[in-house]
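Notes follow once the structure below has been shown.
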Amino acid sequence: MGGAGLMLNQAMTARYDVIIVGLGPAGAAAAVELAQAGARVLVLAGPPGRAKPCGGCLSARGLDALGFLDPPAWLADHPVSRLWLGFPGAPDVEYLSPRPGAYFLDRGRLDAWLAQRAVQAGAEVRPQRAREIVPHQEGFVVRGQEGAWQGRWLLGAGGAGCPVGRGLGLGRSAWVFAALVQERPMPQHLRPRLAEAGFLELGGVPYGYAWAFSRGEVLNLGLAGLTRQGPGPGGDLARRFQAFSARLGLEPAGAPRGAAIPCPDQRRPRLYQGRAAVIGDAAGLADPVLGEGIAQAVVSGRMAAAAVLAGDLGRYQRRAEETLLRDHHHARMLARLIYRAPRLFHGLARRRPGGVELGFHWLRGELAPGDMWLALARGLLGRPARLDPNRGAYYISPLG
Ligand SMILES: Cc1cc2nc3c(=O)[nH]c(=O)nc-3n(C[C@H](O)[C@H](O)[C@H](O)COP(=O)(O)OP(=O)(O)OC[C@H]3O[C@@H](n4cnc5c(N)ncnc54)[C@H](O)[C@@H]3O)c2cc1C
């Protein structure tokens, strides 16, 4: 946060109701909600660059969360109903769900469409990086390379290193997935196995997993491991990535890209202060089991936007605690269980492949992580999980 006593050149400072820093899924969702409600919205989107490193796996509940934007059909071009669950040196478990749990998509294309929706809704988007945030008696002044802008409200949606979160000490998280990802042409030998299927491998990465996802001609390969040491995948992760590629029979193909996925490490992280709030990865809201964060970014963006429109960001904090953060609390326990004993978990799935359906229920928003314990117990007894169709309702209507 810059010095509060900084002199402001009022003539150069355009005024907005809301300034949003960052135009990923969180920033775009908030921008659409706010602009559609008539707010004057400025989004500082950062300079255009390469697509965000991502597995490109949109859960079915994530697709629901995007429903308010009237999503194009291509988002669901690559549905995933089949899952292979691997463990190095053990036979893979194959599971086919009656309905897709997720969709594999091109992340660059998703973000470009989201940005377009924000503009269509009436938000002003500038390809500027926010550099400094200065509190002001009427809100905040945000400085970029080529100007300064004044907003009554401020939403930090700049991802893991968002200057709003850093500057205000909001959304800090000690649970971070260090992740590596690479996209390459789909090799012939993996095509039949990965058609409409995902491959997840446990046990090759400490406290994490590796994946192979298919989008027809494109193979998305990656791994993620939870660390308490903060972002930045180390050399060890790169070595594990090469070992995983080799297990899939792939030749080395350049260096994978790395990035951090922050997850909540407590039940009530501070998400706002006065008229500023953080959303999405800036708030550390990715799921602690898989590092899934697109759906959570969209939902938190919409919740924060509604709270701004109501004039009280405390509503956003409360709503997030009742929904996303409540689920994440249980997801953290589940992550500990799975990643401390990946061999046991893989062995359980081998004995009862039907138990993998619980993961599909979760991805479809039919089973909250808090209900997972009872469902797991029932699964061990060979009984189906009790589902509540309203469990994931806040992915569709975050204010419900
Ligand atoms: C390797 C990897 C794989 C992943 N795979 C998946 C997956 O398969 N499925 C899934 O659901 N999630 C996945 N995630 C997590 C998911 O990508 C994030 O949770 C999600 O992108 C968060 O959205 P966001 O809008 O909060 O932040 P981001 O998507 O990170 O967007 C932030 C935006 O803000 C911009 N920005 C940053 N700083 C500034 C600044 N100072 N000024 C202006 N703009 C700024 C950035 O350029 C960026 O455009 C993955 C993450 C990683 C790293």
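The values are calculated or read from the model by the stated rules, or taken from the named source; none is laboratory data. Note that this is a predicted model, so its numbers are computed, not measured. Don't worry about glycine lacking a Cβ; one is built from the backbone with ideal geometry, like all the others, and counts go over all protein chains shown. When the accessible area is computed, the model is the full protein with side chains, heavy atoms only, and any ligands, DNA or RNA have been set aside. Shrake-Rupley method; radii C 1.70, N 1.55, O 1.52, S 1.80 Å.
Points worth noting:
- In the set (1) within 7 Å of the ligand (Cβ to nearest atom); (2) buried (at least 24 other Cβ atoms within 10 Å of the Cβ), ARG61 fails one condition alone, (1).
- Flag for VAL80 being β-branched (Val, Ile, Thr) and over 20 Å from PRO398 (Cβ atoms): yes
- Odd one out for ASP371, checked against (1) more than 20 Å from the chain's Cα centre (by Cα); (2) farther than 14 Å from ASP327 by Cβ; (3) not hydrophobic (A, V, I, L, M, F, W, C): (2)
- Checking each residue in the range 264-289 for being in a loop (DSSP other than H, G, I, E, B) and surrounded by fewer than 24 Cβ atoms within 10 Å (Cβ to Cβ) picks out ASP265, GLN266, ARG267, ARG268, PRO269, ARG270, GLY274, ARG275.
- Count of the range 118-144 residues which are more than 10 Å from the ligand (Cβ to nearest atom) and at negative phi: 15
- Residue selected from the range 342-372 under the condition in contact with a Gly (Cβ under 9 Å, 6 or more places away or on another chain) and aliphatic (A, V, I, L, M), by the criterion most open to solvent (accessible area, probe 1.4 Å): LEU348
- Checking LEU85, LEU96 one by one, the residue that is aliphatic (A, V, I, L, M), more than 14 Å from the ligand (Cβ to nearest atom), closer than 29 Å to ARG343 by Cα and open to solvent by 50 Å² or more (accessible area, probe 1.4 Å) is LEU96 and no other.
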